[in-house]
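First up is the structure itself, then whatever we jot down about it.
The values are calculated or read from the model by the stated rules, or taken from the named source; none is laboratory data. As the structure is a prediction and not an experimental result, all values here were calculated from the model. Cβ placement follows ideal geometry from the backbone for every residue including glycine, while neighbour counts extend to all protein chains displayed.
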Amino acid sequence: MPNTVTARRAGSRKSSGIRRGEVAAGWLFTAPVILILGLFLLVPVLMAIWVSVSDWQGRGSPFSGNVGFVGLDNYAAVTSGGGLAERNFGLSIRNNAWYVLIVVPLQTALSLFLAVLVNRAILRGRGLFRTAFYFPSVTSSVAITILWLFLFSTTGVVNSFLGWFGVEGPNWFNDPSQIFHNALATIGITGAPEALTSGGPLGVSWFEWIGGPSVAMFAFMLMAIFTTSGTFMLLFIAALQNVGAELGEAGVMDGATGWQRFRYITLPQLRPTLFTVLTLGLIGCWQVFEQIYTGTQGGPAKTTLTPAYLSYQSAFVSQEWGEGSAIAFILFLIIIAFTVFQRWVLRERPVSKRRARQYEVPPHEATPHEITETKR
């Protein structure tokens, strides 16, 4: 018995030593990544937080004694200051909100449609189509933006194509008019009630909020849908290949149509991938920068201004480093809020009692023959 106890203790000491060695090896291998992330990600974020609550003007160290703490003044200047900074921030939020509202659903729907299309076994040349749809996603966004500027110029391919149908195309990237206002103008409505023009949040009137994106921003939206749908298509293809074929066959046996099988069998199984695609789409759409920087720099009339570009402009161009950092962290909070809301919308919901009753097997009444067999 003592020998058994001694052996157990020796074995436990040996296993604990192995665990300690594994932990040490794990920290050793992850230390370079942790060091790099801490040095180039965590430290700059902490510095930016301090800059957003200080009066640093971009000269010298932000931690020097000449830099003072101003609290939430920079945040108040862009959200409730009542001046140009507040209006610029309001315009950027309006532009980006419409960008997200239109681009995220359309790029998700298009990527899912393309995934279903190229995932069909009867389609010939599926590899060619997958490569063609994915190719814009691996092309430089700067190169795509320059190409888009040529395509949507006044004498570009898009306007030439519209001219074949007798439609005079707009001067896309120089047209600040909002598309919903233009739609109302076609039926003779060119003004708005005073209640919609006299006030609104963040220095932007309600009439401007509901006017939709500008023609210039709409061109950027088309570019975003064109360049990102291929990436999300690959995610949906991977998810579709994991959908059990037996469930679809069962639906066919039950007489379900193709749309019913997709809606009630395939789509529920794509919920995790759908959440990933929507989350990545939201983050990417709220962080639009390089297209604006390369294309219009926020013009015309600030209708393509986005919070990400406004943060850069405030900090690096106007030298308002505190306001630029504050805009960046407000944008971060907006992304977190939308992600949490989206997670709540797409959460797994328990089956209601009323629906559960539809799937309950009714109690079976025993026949006289079954009662006789039971007694035997």
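Below are the figures for this structure:
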quantity: Residue satisfying condition, being surrounded by 11 or more Cβ atoms within 10 Å (Cβ to Cβ), more than 30 Å from Thr228 (Cα to Cα), among the aromatic types (Phe, Trp, Tyr) and free of Cβ contacts under 8 Å to residues at least 40 places away in the same chain, within set Trp27, Trp50; calculated: Trp50
quantity: Answer residue from the stretch 284-320, given it is assigned to a helix (DSSP H, G or I) and surrounded by fewer than 15 Cβ atoms within 10 Å (Cβ to Cβ) and is farthest from the chain's Cα centre (by Cα) among those; calculated: Val317
quantity: Yes/no for Phe150 being assigned to a helix (DSSP H, G or I), within 25 Å of Ala238 (Cα to Cα) and either out of contact with any His (no Cβ under 9 Å at 6 or more places or on another chain) or of a type in the set (A, V, I, L, M) (or both); calculated: no
quantity: Cross-chain or 6+ apart pairs with Cβ under 8 Å, the stretch 147-158 first and assigned by TED's automatic domain parsing to the domain that holds Met217, then surrounded by 11 or more Cβ atoms within 10 Å (Cβ to Cβ) and small (Gly, Ala, Ser); calculated: Trp148/Ala219; Trp148/Gly295; Leu149/Gly295; Phe150/Gly156; Phe152/Ala219; Thr154/Gly169; Val158/Gly169
quantity: Qualifying residue in the stretch 193-213 (condition: buried (at least 17 other Cβ atoms within 10 Å of the Cβ) and within 20 Å of Thr228 (Cβ to Cβ)); calculated: yes
quantity: The stretch 159-204, residues that are assigned to a loop (DSSP other than H, G, I, E, B), more than 20 Å from Gly298 (Cα to Cα) and either small (Gly, Ala, Ser) or not assigned by TED's automatic domain parsing to the domain that holds Ile292 (or both); calculated: Gly166, Gly169, Gly188, Gly191, Ala192, Ser198, Gly199, Gly200
quantity: Answer from Pro105, Pro44 - the residue that is out of contact with any Asp or Glu (no Cβ under 6 Å at 6 or more places or on another chain), assigned to a helix (DSSP H, G or I) and over 24 Å from Tyr312 (Cβ atoms); calculated: Pro105
quantity: The stretch 120-136: number of residues that are buried (at least 17 other Cβ atoms within 10 Å of the Cβ) and at pLDDT below 85; calculated: 1
quantity: Test set (1) without any contact (Cβ under 8 Å) to a residue 24 or more places away in the chain; (2) more than 13 Å from the chain's Cα centre (by Cα) - Phe341 fails condition number; calculated: (2)
quantity: The one condition in (1) under 21 Å from Gly284 (Cβ atoms); (2) at pLDDT below 95; (3) touching a Phe, Trp or Tyr at 6+ places or on another chain (Cβ under 7 Å) that Val45 fails to fulfil; calculated: (3)
